[in-house]
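The values are calculated or read from the model by the stated rules, or taken from the named source; none is laboratory data. In this text the structure is predicted, and so the values were computed from the model without any measurement. Cβ placement follows ideal geometry from the backbone for every residue including glycine, while neighbour counts extend to all protein chains displayed.
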Amino acid sequence: CIKEGFTVETSDLYLVLCAALFTGQILFVDHFSEKVDGFTLSCGEFLVTSSLSAIFMFTQETVTAEALRACMMPMLYVAIMSSCVGYTCQILAQRDGDPALVSLLFSTEAIFSAIFGAALMNDRLSSREWIGCGLMVAAVLLAEWPAKKKEKVPAEAAAEM
C-alpha cells in the first residue's frame, strides 16, 4: 500500500501488473466464453495455469519431496476451491455480463476481504483504509448510476429527419 508521503514501492508495481493481468483474463473470458463451453474454458485455464506454475516451481524454487508433502493439503485446497471452483463460477457468471461491470464487481473483492477479515479474524483497518473502502464503494456505485439521457433540442431533432 502507499505509505505516508505517497511513496511508491516495488510491491505497488506488482499490484499494477497483477491488475493488468486480471484485466487480460477478464477480456479473455469475455471473448472465449461465447465460443467455448464454460467448463471446457475453465479446464483450459487450469491446465495453462498449473503448467506455468510447475515450470516456475521447478526453475525458481528448490523442490523436495518433504516440502511437497508439507504443503500438499493447502496446495490442493487452493487448486480445487480457488482455481477450479472459483474461476469456473467466474466464467459461468461472466458469460452474459459486460466486461466493464464484471471488472467493477471484481474490484470490490478488497472491500469484502477487509470486512470479513475484521468480522472473522479480528483484523483492524486504519481510518485511511476504511476511507479507501468507502471510496471504492462510491466509485462502483457512481460508475453504475443510471445516466440521464440528453434531451434533443428541436433543431437537432429536425436535422436528423
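Miscellaneous remarks
- Residue in the stretch 12-31 that is over 17 Å from the mean Cα position of the chain (by Cα) and either modelled with pLDDT of 90 or more or among the β-branched types (Val, Ile, Thr) (or both) present: no
- Filter pass, Leu21 being over 22 Å from Leu105 (Cα atoms), exposed (fewer than 11 other Cβ atoms within 10 Å of the Cβ) and among the hydrophobic types (A, V, I, L, M, F, W, C): no
- Checked against (1) in a helix (DSSP H, G or I); (2) touching a residue at least 40 places away in the same chain (Cβ under 8 Å); (3) not polar (S, T, N, Q), Glu34 meets all criteria but (1).
- Filter pass, Arg95 being surrounded by 11 or more Cβ atoms within 10 Å (Cβ to Cβ), more than 13 Å from the chain's Cα centre (by Cα) and at negative phi: yes
- Selection over the stretch 1-31 of residues that are outside any helix (DSSP H, G or I) and of a type in the set (A, V, I, L, M) gives a count of 2.
- Residues that are surrounded by 14 or more Cβ atoms within 10 Å (Cβ to Cβ) and either over 12 Å from Phe39 (Cα atoms) or not assigned by TED's automatic domain parsing to the domain that holds Ile26 (or both), drawn from the stretch 70-92: Ala79, Ser83
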